[in-house]
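A.B. asks: Take this structure first; my questions come after.
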Amino acid sequence: MGDIIDARGLACPQPVLMTKKALEGMEEGSFTIVVDSAISKDNVVRFATSQGCDTRVEEKDGEFHVHVVKGGAENTPGEEVKEAPASNIAVYVHSDRMGQGDDALGRILIKGFLKTIKDVDPKPRRMIFVNSGIFLTTEGSEVIDALKELEEMGIEILSCGTCLDFFNRKDALKVGLASNMFDITSALMEADKVVIP
């Protein structure tokens, strides 16, 4: 099935950028991109689908072969998503606490902030969690239910895949999607406003 692109061993967002480059160079056709992490596989599939491509994944010996088809009558729109809020606000959470000073107080404040978002307008379109912020989206967090409620309202919850790997938390993600630096950078650049609690 078309060319084979070897993205094994490459850190985020390289597999997505390689997929983007391959798609930009073709009107229609197919290729296979090979990755060796579930997060890279999910990111490639999500990106290709967002570009109107069909994807199929095969797992072979711990590697993921993502077959991407662009163009042709068989293409179907990406998976239906919940309607996002009308605003284009991104909330960028780079820590598991809010503000500087007392750590215990900072953890209380970030919990309060995240639990209050559902009650304010306008609501953000996306919430991006990086560095120690990913501890808020993973197992053991006291705000998982609040974040799931926001996700059900159509707010996209993205956690940095590199950060999940760094803290050995990728299997502990409980809400939203593991993302990559391409998606995160795009979301921040496209936002009309970025809020950093």
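The values are calculated or read from the model by the stated rules, or taken from the named source; none is laboratory data. What you are looking at is a predicted structure, and each value in this text was computed from that prediction instead of being measured. Virtual Cβ from ideal backbone geometry, glycine too; neighbours counted across all protein chains shown.
A.B. asks: Scanning for something of a type outside the set (D, E, K, R) and closer than 22 Å to LYS41 by Cα, does the stretch 108-118 turn up at least one residue?
C.D. replies: Checking the stretch 108-118: not a single residue is of a type outside the set (D, E, K, R) and closer than 22 Å to LYS41 by Cα.
A.B. asks: If a residue counts only when it is within 21 Å of the chain's Cα centre (by Cα), which strands (runs of 3 or more DSSP E) contained entirely in the stretch 2-67 have at least 2 such residues?
C.D. replies: The strands (runs of 3 or more DSSP E) meeting that bar are 29-35, 54-60.
A.B. asks: Which residue is farthest from LYS115 (Cα to Cα), if the candidates are limited to the stretch 128-177 and must be polar (S, T, N, Q) and at pLDDT 95 or above?
C.D. replies: Among those that are polar (S, T, N, Q) and at pLDDT 95 or above, it is ASN168.
A.B. asks: With the requirement that a residue be buried (at least 16 other Cβ atoms within 10 Å of the Cβ), under 18 Å from GLU149 (Cα atoms), over 20 Å from the mean Cα position of the chain (by Cα) and among the charged types (D, E, K, R), what does the stretch 85-133 give you?
C.D. replies: Correct list: LYS111, LYS115.
A.B. asks: Determine if the stretch 77-84 includes at least one residue that is touching a strand residue (DSSP E or B) at 6+ places or on another chain (Cβ under 8 Å) and modelled with pLDDT of 90 or more.
C.D. replies: Within the stretch 77-84, not a single residue is touching a strand residue (DSSP E or B) at 6+ places or on another chain (Cβ under 8 Å) and modelled with pLDDT of 90 or more.
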